[in-house]
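Bear in mind these aren't lab numbers, they're just calculated from the coordinates by the rules spelled out. In this text the structure is predicted, and so the values were computed from the model without any measurement. Every residue, glycine as well, gets a Cβ built from its backbone with ideal geometry; the counts of neighbours run over all protein chains shown.
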Amino acid sequence: MAKYSMHILVCGGTGCRAAQGLAITESLKKEIDENNLNDTVQVIETGCFGFCEKGPIVKIMPDNTFYVQVKPEDTKEIIAEHVIKGRKVERLLFVDPDKKEKVSDSKHMGFYRKQLRIALRNCGFIDPENIEEYIGREGYEALGRCLTEMKPQDVIKIIKDSGLRGRGGGGFPTGLKWEIASKNHADQKYVVCNADEGDPGAFMDRSILEGDPHSILEAMTICGYATAATKGLVYIRAEYPLAIKRLQVAIKQARESGLLGKDILGSGFDFDVELRFGAGAFVCGEETALIHSMEGERGEPTVKPPFPAESGYWGKPTNVNNVETFANIPVILIKGATWFRSIGTEKSPGTKVFALAGKINNVGLIEVPMGITLREVIFEIGGGIKDGKKFKAVQTGGPSGGCLTTKHLDTPIEFDTLIAAGSMMGSGGMIVVDEDDCMVSVAKFYLEFTVEESCGKCAPCRIGNKRLHEVLTKICNGNGTREDLELLDNMSRVIKDTALCGLGQTSPNPVLSTLDNFYDEYLEHVDDKKCRAGVCKSLMQYVIQPDNCVGCTACARVCPVGAITGERKGIHFIDQSLCIKCGACIEKCKFNAIFIQ
Amino acid sequence: MAKVKSLADLRKMKEDLQSKVHLREKGDNYENLVQVKVGMGTSGIASGAKEVFNFFVDELEKRSIEGVVTQTGDMGYNFAEPTIEVTIPGKEPIVFGNVDMKKADQIIESYIKNGELVEGILPENYDKIDNK
Ligand SMILES: Cc1cc2nc3c(=O)[nH]c(=O)nc-3n(C[C@H](O)[C@H](O)[C@H](O)COP(=O)(O)O)c2cc1C
Ligand code: SF4
Ligand code: SF4
């Protein structure tokens, strides 16, 4: 075996791959070959590093040098300078936006400083297509201990004691769920991994599957042992081809090494995992809908109880957990419940992975201890708001969540505080909104998504959300009234109380929380017919400022609908009833006389 | 890959496979480990820096010392090549000049293992860009 003194890690997540990650790997390998370095330098394609804003990322170990926005053409210099001569390629280093200094070590970057990677521990660290690297990182050790040294109830006890709560959105205690499944007896039981990840903007589950697929297989097998299930199914959306491929490779390797299949590690316990593909409907992430979809039925939810743990896949007891929940399991079993409880908060121990998106400087995937504040996440890790704009709100929990505002910036983030603040954890999407965004339009955007994704089975969701969307559209078009605001509020509450599944029960959240936190913006829309962010086109007015107008007639000539009138050398005027808000005049005016109101 | 038949089997395998990722684990945890940086400028290489580098990589492992050996550019001590910088966690980095195998051995045994200084220390005068 070659004895490498240097490892070059290249991000092979979906994001960086799209940005030529693959070409970078190829080209690095070629350079290494040409320089006869095959025995000392190894190139490894890993999962996502999280700092997608600056991708593709190349990291050199053991000197921990972090190169950002690398292009295939840069690899020659990396090899010639860094690898051969030991000189860092300065122009590829990350520049600290505050201090304007180059930072070569990711540990000193604001983006990573407050992160703690448990679920993402192997993402960006190992080659996900190589089971040996996973085993080298204590992979399958937890499974080995469970099967060899522990009884199923001991395993459940540790998970219960750890306080781990489901990361798929609901936050249900995982140990308790396993216990319920273990107590329901049947000739066949199932373990399902929910990798549907329907929240637009969330990609943590995909990243874990792409970067560390074995951790999920190991955790599912442990869950099988704990609940006496022998079959595992991963329900994954077909739009995740790379995650599917990595899972398939991992399953094959695990089977070949006897870590899946019959008599695992000589314990007599059998377990195997198969994949099931989803078409990508949001509601299919709901566990009962997911199970129906796996059975070949329509992906529609049914009333709970019965919960899947009693009657799930083909009517058998089925334990459903989210990808990120599973990713925590092996570590908890190795390091213990007390260790896990020492991280995060009392009611929400551990960490949570968030996908930062929207108007934030550092877009990417982060893992932080529960209890961290929004301020730390947005301004320290996220690097603040893009283009120096003002922070307005952050939508957490995706379409089922709500928006949090400046007054919540110092609230610790955990399951219960987010709910108390009118939002929820959801799967961990965080979309940052700045002063240029209109909150009514934000609510409308999420409702559009819900209306599209509602399965239509129950009336409150099918009809109610559509009505909500109509009213929001009416307000954005400048035809809203105060009564409409009341209607929004009432209807939202009715939908929440009467919808059948979690989709409908949470879909009005974006409306309620924007009403709650940004009532003045709604009022401006209905009373003053004004949209302060200038997003609602119908509420915008192009107006001529008489002081500046010299009467050059340029605007009147360019206006396609003849809305502008005025004498030559006289002040011009825009007829609002004719104006179509095309903006042609404002571009034409050389005297800055036209502005938007 | 061979079948893993028991937990003992798995653990043995892990011992063997650990080396695959160990370098990265050390890099991730370098602040708590002995760090040896070898100056690899043209004059360093000409006077045997590459051999010194390999010596440290091999010997630290043989002598069961958890350390990170990296190369850096020319450290600016042309008169005393090969030059290396050694950092013991919690201590200031120290630069040694004219390091041959014998000196390297001495540095490992006396300074790295026991914290005793050895001859050949150079005043620190170069610009560090690493680990900012
Ligand atoms: C509309 C809707 C969509 C959901 N989508 C997902 C999803 O994409 N992924 C997921 O893990 N859970 C999703 N859930 C939650 C699941 O129903 C279930 O609670 C979860 O998979 C349980 O795993 P956990 O306890 O590990 O979180 C969704 C729930 C609802 C109501
Ligand atoms: S709440 Fe919506 S998604 Fe859920 S069952 Fe009713 S119609 Fe379908
Ligand atoms: S283009 Fe400007 S200055 Fe000329 S008439 Fe129109 S508003 Fe007045």
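Of the GluC sites (Glu not before Pro) in the range A:379-480, the ones in a loop by DSSP (not H, G, I, E or B) with at most 15 other beta carbons within 10 Å are A:435.
Protection proxy ranking, highest mean first, for peptides A:386-393, A:367-374, A:51-58: A:51-58, A:367-374, A:386-393, where packing is the per-residue count of other beta-carbon atoms within 10 Å, averaged. Compared with the alpha-carbon gap, the fully stretched path from residue A:557 to residue A:239 is longer by 109.5 nm at 0.36 nm per residue.
Label-point separation (nm) for residue A:419 and residue A:69, each offset 7 Å from Cα along Cα-to-Cβ? Placing both labels 7 Å beyond Cα along the Cβ direction yields 4.3 nm. Note on the protein assembly as shown: Rg/Rh from C-alpha atoms, Kirkwood Rh, equals 1.05. Close Lys pairs in the range A:262-406 (alpha-carbon distance under 24 Å; sequence gap of 8 or more, or different chains): 10.
Residue-normalised convex hull volume from the C-alpha trace of chain B: 132 Å³ per residue. If R0 equals 22 Å, the separation of the Cβ atoms of residue A:569 and residue A:543 corresponds to a calculated FRET efficiency of about 0.65.
Between the C-alpha center of the range A:211-256 and that of the range A:139-208 there is a gap of 13 Å.
Dividing the helix sum by the residues of chain A, where each DSSP H run of 4 or more adds -39500 (n - 2.57), gives a mean residue ellipticity at 222 nm of -9500 deg cm²/dmol. All C-alpha to C-alpha distances of the range A:110-253, sorted into 5 Å bins beginning at zero, yield P(r) values of 2, 9, 16, 21, 21, 18, 9, 3, 1, 0, 0 percent in whole numbers. Ranking of A:427, A:311, A:507, A:342 by neighbouring Cβ atoms within 10 Å, starting from the fewest: A:342, A:311, A:507, A:427. For the segment A:127-134, counting C-beta atoms of other chains within 10 Å of every residue's C-beta and taking the mean gives 3. With the simple model of a label 7 Å out from the Cα in the direction of the Cβ, residue B:92 to residue A:532 spans 5.6 nm. Put in order of Cβ neighbour count within 10 Å, fewest first, the listed residues A:108, A:82 become A:108, A:82. Out of A:510, A:172, A:393, whose Cα points farthest toward the positive end of the dipole of chain A (charges: +1 Lys, Arg; -1 Asp, Glu; placed on Cβ)? Farthest towards the positive end: A:393.
Site pair residue B:66 and residue A:114 shows an inter-label distance of 2.9 nm when each label is modelled 7 Å from Cα along Cα→Cβ. Between residue B:12 and residue A:151, the FRET efficiency estimated from the beta carbon spacing at R0 = 25 angstrom works out to 0.50. Under a model in which nothing but the beta-carbon of Lys, Arg (+1) and Asp, Glu (-1) is charged, the range A:136-340 shows a dipole of about 240 debye around its Cα centre. Considering the range A:136-340 at the alpha-carbon level, its Rg and Dmax are found to be 15.5, 45 Å. Peptide A:60-69 shows a mean partner chain C-beta count of 5 within 10 Å per residue C-beta.
Semi-axes of the equivalent ellipsoid of the range A:395-479 are 24, 18, 10 Å, computed as sqrt(5λ) over the eigenvalues of the C-alpha gyration tensor in descending order. Equivalent ellipsoid of the range A:439-528: semi-axes from √(5λ) of the C-alpha gyration tensor, largest first, are 22, 12, 11 Å.
Mean-square fluctuations from a GNM of chain B, with a 10 angstrom spring cutoff on Cα atoms, peak among B:57, B:99, B:34 at B:57. Remark: chain B carries a charge dipole of roughly 740 debye about the Cα centre, counting +1 on each Lys and Arg Cβ and -1 on each Asp and Glu Cβ.
For the peptides B:38-51, A:559-572, the ranking by mean Cβ contacts within 10 Å, running from highest to lowest, is B:38-51, A:559-572.
Taken about its Cα centre, the range A:6-113 carries a charge dipole of about 300 debye when Lys and Arg each add +1 at the Cβ and Asp and Glu each add -1 at the Cβ. The range B:38-77 and the range A:452-482 have Cα centres separated by 68 Å. The HN-Hα couplings worked out from phi for the range A:62-68 by the Karplus form 6.51 cos²θ - 1.76 cosθ + 1.60 (θ = phi - 60°) are x, 8, 6, 8, 10, 9, 10 Hz, whole numbers, x standing for Gly and Pro. The convex hull built on the alpha-carbon positions of the range A:351-434 has an orientation-averaged projected area of 4.4 nm². Placing unit charges on the Cβ atoms of the charged side chains and taking the dipole of the protein assembly as shown about its Cα centre, the candidate lying farthest along the positive direction among B:57, A:541, A:480 is A:480. On full extension, the segment bounded by residue A:577 and residue A:452 gains 41.7 nm, given 0.36 nm per residue less the C-alpha separation. For the range A:541-596, the Kirkwood hydrodynamic radius from C-alpha pairs, put into Stokes-Einstein at 20 °C and a viscosity of 1.002 mPa s, yields a diffusion coefficient of 200 µm² per second. Between residue B:1 and residue B:119, the FRET efficiency from the beta-carbon distance, with R0 = 45 Å, is close to 0.35.
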